[in-house]
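This report concerns only the one structure given below.
What follows draws every value from the coordinates through simple rules; no lab data is involved. These figures come from a predicted structure and were not determined experimentally. Positions of Cβ are backbone-derived with ideal geometry, glycine not excepted, and every protein chain shown enters the neighbour counts.
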Amino acid sequence: DVKVTQSSRYLVKRTGEKVFLECVQDMDHENMFWYRQDPGLGLRLIYFSYDVKMKEKGDIPEGYSVSREKKERFSLILESASTNQTSMYLCASSLRGPSFNEQFFGPGTRLTVL
Amino acid sequence: TQLLEQSPQFLSIQEGENLTVYCNSSSVFSSLQWYRQEPGEGPVLLVTVVTGGEVKKLKRLTFQFGDARKDSSLHITAAQPGDTGLYLCAGAASSASKIIFGSGTRLSIRP
């Protein structure tokens, strides 16, 4: 059974804290993605990665950074959390190839920044 | 900037009724996907359509890609409570390396 796991389902942090969200996939996928999901806005792409140590900015990268040191792991970092980063964060992975290759999603991390 | 607009945003209907959800854009997409997301879970792919005018059926769900590849629809026949969830369309432009998601339609089926 293929799987994308995320380190936490719920997280509460304070403004200014550094936050790490971890994502691990066991499907040997080349591509990995970080999205945030807000009501009425759908999923918005923050960053994605085609390969180890590779990263590309998505549509809303400001305030975030990422790290991909191993193929199976993709981390999202909030250097200094702010209240407007309160959201649901979803990680996904897919095989290398056309952009419409199926993306497999993790269950999400609901982050609240106080 | 490419945008995908979904309508309606919310839909609550009685079990057994039929419904259609729409996904529209002013841009052309090389392919379009529909995902369903249940509470507490990530989205799961239902279908990918790649040819203008293409129709795909998945049991009681019928997906259509517009002739001009700018829009898509999802029709559910005889809706059941298990169809409840957030339905997301996602489009891929031929030149892009990523897909764009619509804002979603939250569907609730009352027993």
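For this structure, a couple of remarks:
- The mean number of Cβ atoms from other chains found within 10 Å of a Cβ in peptide B:8-15 is 0, as a whole number.
- Looking at segment A:53-104, the GluC sites (Glu not before Pro) that sit in a DSSP loop and have at most 10 other Cβ atoms within 10 Å of their own Cβ are A:E62.
- Positive-end extreme of charge dipole, the protein assembly as shown - chosen from B:S73, B:T105, A:L78 (charges on Cβ): A:L78
- Loop-located trypsin sites (Lys or Arg not before Pro) in segment A:35-114 (DSSP state other than H, G, I, E, B) with a sparse environment of at most 13 neighbouring Cβ atoms within 10 Å: A:K53, A:R96.
- Here the protein assembly as shown is assigned +1 on the Cβ of each Lys and Arg and -1 on the Cβ of each Asp and Glu. Its dipole about the Cα centre then comes out at about 220 debye.
- The mean count of C-beta atoms from other chains within 10 Å of the C-beta of residues in B:38-47, rounded to a whole number, is 4.
- Environment charge of A:V19, counting only residues whose C-beta is closer than 14 Å and scoring Lys/Arg +1, Asp/Glu -1: +2
- Segment A:90-109 versus segment A:48-67: alpha-carbon centroid distance in Å: 14
- The Cα-based radius of gyration and maximum Cα-Cα distance (Dmax) for the protein assembly as shown are 17.5, 50 Å.
- Scattering profile of segment B:26-111 at q = 0.14, 0.19, 0.20, 0.22 Å⁻¹ [log10 I(q)/I(0), Debye over alpha-carbon scatterers]: -0.48, -0.85, -0.92, -1.08
- Computed over neighbours whose Cβ is under 10 Å from that of A:S87, the net charge equals +2, Lys and Arg +1, Asp and Glu -1.
- Radius of gyration over Kirkwood radius for segment A:4-94, both on Cα atoms: the Rg/Rh ratio is 0.94.
- Segment B:19-111: trypsin sites (Lys or Arg not before Pro) in DSSP coil with no more than 12 other Cβ atoms inside 10 Å: B:K59
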